[in-house]
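The values are calculated or read from the model by the stated rules, or taken from the named source; none is laboratory data. These numbers come from a predicted model, not from an experiment. Note that we place each Cβ from the backbone using ideal geometry, even for glycine, and neighbour counts take in every protein chain shown. Ligands, DNA and RNA are stripped out before the accessible areas are found, and what is left, the full protein with its side chains, is counted by its heavy atoms. Shrake-Rupley method; radii C 1.70, N 1.55, O 1.52, S 1.80 Å.
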Amino acid sequence: MGKRRWWLSGVGVLVALAGCGAEVDTGGSLPGAGSAQSARLSVVQGRGELVCGVSGELPGFSFVNQDGEYSGLDVDICRAIAAAMFDNPNAVEFRNLNAKERFTAVQTGEVDILSRNTTWSLSRDTSVGMEFAPVVFYDSQAIMVRKSSGIRKLADLKDKSICIQIGTTTEQNLTDQMRRRNIPFKPIVFEDVNTVFGTYGGGRCDGVTADRSQLVSRRTKLPNPTEHIILEEALSKEPLAPAVRDGDSQWQDVVKWVVYALIEAEELDITSKNVSQQLKSEDPRVKRFLGTEGDLGKGLGLPNDFAARIIRHVGNYGEIYDRNLGSKTPLNLPRGQNQLWSQGGLMYAPPFR
């Protein structure tokens, strides 16, 4: 498993500006700018491990247990990159970042990649020096309430209190939706997400809002999970994606095509269990994808068998989803939009050719 190391580095210069949804004028002069940042692939290769920013507090996405072991969809994305580069999914150092720290950590080069249930939005793509990889989870924002409250729709929250994490897209989304529907409410905001859910769990808020997947995950940690329901109404689109610092196209390509490899493998029905047999396939698509024919890895600066390494060690996207979020997990999240495009979902990879 990856090492657990709490992030104690000094990145406070930009923290106040880099909150979720905040816009930062990078001006091309951020700390860490220069040759090292513009050649991140070489930096990571020279270091021998990937430094990955995660939450560490969200079961199903990134969670660290009492033994310091990390698990989750976001965690497995980082392990897939490490597998592609080093043939070792454990060549990752995970750093826990809160919502305010996360962008700064990427901007300053403290982490190589942010894989932390982060929404891809226009302002983040253009104003905080971020470049997003493909979406790894299509989500939406929702509100959780107590079943006993009688609240079943947004209109029932008139003049009710709602706990929110400040500095996130959820804050603006909720305000926009309630204003549009002319529903007055009482926002109770906190900086720390644990305080948000702790306050709701303690009964000081009538409801709590976050990404639907986060609500499902956090509900499992409440004393009586079945006493809480998540309202059906979706407040927003929340495409969650990994991100790297802008301005390094080679590193962006590596992260991007690792994610696509996970999706393509599922479409080709290549799994961690059958990849050894698939390496003998005569299907030209499989041969190119697994690197037994052609030189697709060369263009990325990776070994030609990078996709085979990923699937051997981490599995395809479907395996990752099932392991962390599927029906046999406490979250039991239906795949829905996160199905392959061929099965009615939105997961789609460009051709590997």
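I want to check the label-to-label distance for residue 348 and residue 158. Put each point 7 Å from Cα in the C-beta direction and report it in nm to one decimal.
4.2
Multiply the residue separation of residue 283 and residue 191 by 0.36 nm, subtract the distance between their alpha-carbon atoms, and state the gained length in nm to one decimal. Provide the component values of the computation, followed by the final result.
On the way: separation 92, 0.36 × 92 = 33.12 nm, distance 5.23 nm.
Extending this stretch completely gives an extra 27.9 nm.
In the P(r) worked out for the chain, what percent of Cα pairs fall beyond 33 Å?
Working: 17803 of 62128 pairs.
Looking at the chain, the distances longer than 33 Å represent 29 percent of pairs.
Net charge around residue 133, counting only other residues with Cβ within less than 11 Å of its Cβ (Lys, Arg = +1; Asp, Glu = -1)? List each step's numbers first, then the result.
On the way: positive: 256; negative: 131, 253.
Summing Lys/Arg as +1 and Asp/Glu as -1 gives -1.
Rolling a 1.4 angstrom probe over the protein heavy atoms, how many square angstrom per residue are accessible across the stretch 262-353?
Values: 4700 Å² over 92 residues.
Here the per-residue accessible area is 51 Å².
With a 1.4 Å probe and every protein chain left in place, work out the accessible area per residue of the stretch 96-203 in Å², rounded to a whole number.
Values: 4220 Å² over 108 residues.
Heavy-atom accessible area per residue stands at 39 Å².
Taking 25 Å as R0, compute the FRET efficiency from the Cβ-Cβ separation of residue 293 and residue 47 and round it to 0.05. Walk me through the intermediate numbers first.
On the way: r = 31 Å, r/R0 = 1.25.
Computed FRET efficiency for residue 293 and residue 47: 0.20.
Once every DSSP H run of n ≥ 4 in the chain is given -39500 (n - 2.57) and the sum is divided by its residues, what mean residue ellipticity at 222 nm do you get, rounded to the nearest 500 deg cm²/dmol?
Details: 15 runs with 124 residues, N = 353.
Value at 222 nm, helices only, nearest 500: -9500 deg cm²/dmol.
Of the GluC sites (Glu not before Pro) in the stretch 41-75, which ones lie in a loop per DSSP and count no more than 14 other C-beta atoms within 10 Å?
69
From the protein chains alone at 1.4 Å, what is the descending order of accessible area for 42, 140, 272, largest first? Walk me through the numbers on the way to the answer.
Values: 42 70, 140 25, 272 45 Å².
Result of the area sort, largest leading: 42, 272, 140.
Helix check for the chain. Which DSSP H runs span at least 20 Å along their own axis by Cα, with a mean Kyte-Doolittle hydropathy no less than -0.5? Could the numbers behind the result be given before it?
Details: long enough: 249-267 (26 Å, -0.01).
Span-like helices here: 249-267.
Compute the Cα gyration tensor for the stretch 125-186, then decide on rounded, prolate or oblate, letting a ≥ b ≥ c be the square roots of its eigenvalues: rounded whenever a/c is under 1.5, prolate when a/b is larger than b/c in the other cases, and oblate in all that remain. Numbers along the way, then the final one.
Values: a/c = 2.77, a/b = 1.94, b/c = 1.42.
It is prolate, given that a/c is not under 1.5 and a/b is the larger ratio.
Mind checking the stretch 284-329 for trypsin sites (Lys or Arg not before Pro) that DSSP puts in a loop (not H, G, I, E or B) and that have at most 15 other Cβ atoms within 10 Å? Don't skip to the end; give the middle numbers.
Values: sites: 285, 287, 288, 298, 309, 312, 323, 328; in loops: 328.
Sites meeting the loop and neighbour criteria: 328.
Give the distance, in whole Å, between the Cα centre of the stretch 171-204 and the Cα centre of the stretch 244-309.
Centre-to-centre (Cα) distance: 42 Å.
Express as a percent, rounded to the nearest 5, the fraction of DSSP beta bridges in the chain (both residues included) that run antiparallel. Spell out each step's value before the answer.
Values: 21 of 38 bridges.
If I count the DSSP bridges inside the chain, around 55 percent turn out antiparallel.
Between residue 183 and residue 123, what length in nm is gained on full extension when 0.36 nm per residue of separation is reduced by their alpha carbon distance? Don't skip to the answer; put the middle values down first.
Numbers: separation 60, 0.36 × 60 = 21.60 nm, distance 2.68 nm.
Value of the extension gain: 18.9 nm.
Can you pull out the trypsin sites (Lys or Arg not before Pro) in the stretch 63-170 that DSSP calls coil and that have at most 15 other Cβ atoms within 10 Å? Spell out each step's value before the answer.
Values: sites: 79, 95, 100, 102, 116, 124, 146, 147, 152, 153, 158, 160; in loops: 100, 116, 152, 153, 158, 160.
Passing sites in the stretch 63-170 are 152, 153, 158.
Can you work out the Karplus-derived ³J(HN,Hα) for every residue in the stretch 136-153? Use 6.51 cos²θ - 1.76 cosθ + 1.60 with θ = phi - 60°, whole Hz, and x for glycine or proline.
Those phi angles translate into 9, 7, 8, 10, 8, 8, 8, 10, 10, 9, 7, 4, 6, 6, x, 6, 10, 8 Hz.
Might you work out the accessible area of residue 63 for me, using a 1.4 Å probe with all protein chains in place, and round it to the nearest 10 Å²?
About 60 Å², ignoring ligands and nucleic acids.
Going by amide H atoms built from the backbone, whose H comes under 5 Å of the H on residue 143, apart from near neighbours?
231
Cβ under 10 Å from residue 225's Cβ, residue 225 left aside: what net charge do those residues give with Lys, Arg +1 and Asp, Glu -1? Mind showing how you got there, number by number?
Numbers: positive: 218, 219, 221; negative: 227.
Here the charged neighbours net out to +2.
What is the set of long-range amide H partners of residue 228 at a cut-off below 5 Å, with H atoms built 1.01 Å from backbone N?
Here the answer is 147, since their amide H atoms fall under 5 Å of that of residue 228.
Label the stretch 136-235 by shape, choosing from rounded, prolate and oblate, from the square roots a ≥ b ≥ c of the eigenvalues of the Cα gyration tensor; if a/c is under 1.5 it is rounded, and otherwise prolate applies when a/b is larger than b/c, oblate when it is not.
Numbers: a/c = 1.28, a/b = 1.14, b/c = 1.12.
Rounded, because the longest to shortest axis ratio a/c is under 1.5.
For labels at residue 221 and residue 147 in the simple 7 Å Cα→Cβ model, what's the distance in nm?
Between residue 221 and residue 147, the simple spin-label model gives 2.2 nm.
Pull up all non-local amide H partners of residue 316: gap of 5 or more, or a different chain, and H-to-H distance under 5 Å with H placed in the peptide plane.
Those lying under 5 Å, H to H, from residue 316 are 272.
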